[in-house]
């Protein structure tokens, strides 16, 4: 559990500090369009939404529809919003947002 990040602690998410810092240290600004690829279970998405509530769009995609339910639950628990869609991060148009319209893309490394 990430004890240095109150939001992740409140959500009960297990996350390394590196993942938490990646979400917090972004140069987010109002009206940006942000994609969180491989979003489940929603820790990074929640951090991004909390850090910059005036984003034009925050899109959280994951290939696993069952894991996306955790993203929705975690966002709802904190009254945060994002568009949560099933999509394949290797096929950018599958998640409803063309690659050219993204100002920042957050991903996690592929699992071995």
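FYI, it's all coordinate maths here, none of it is from the lab. Keep in mind that what you see is a predicted model, and the values were worked out from it rather than measured.
Can you tell me how much longer the chain between residue 81 and residue 27 gets when fully stretched, taken as 0.36 nm per residue apart minus their C-alpha distance, in nm with one decimal?
Computed gain between residue 81 and residue 27 is 17.5 nm.
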For this session: Let me have the relative contact order for the stretch 32-80, percent, based on Cα pairs under 8 Å that are six or more residues apart.
Result: 49
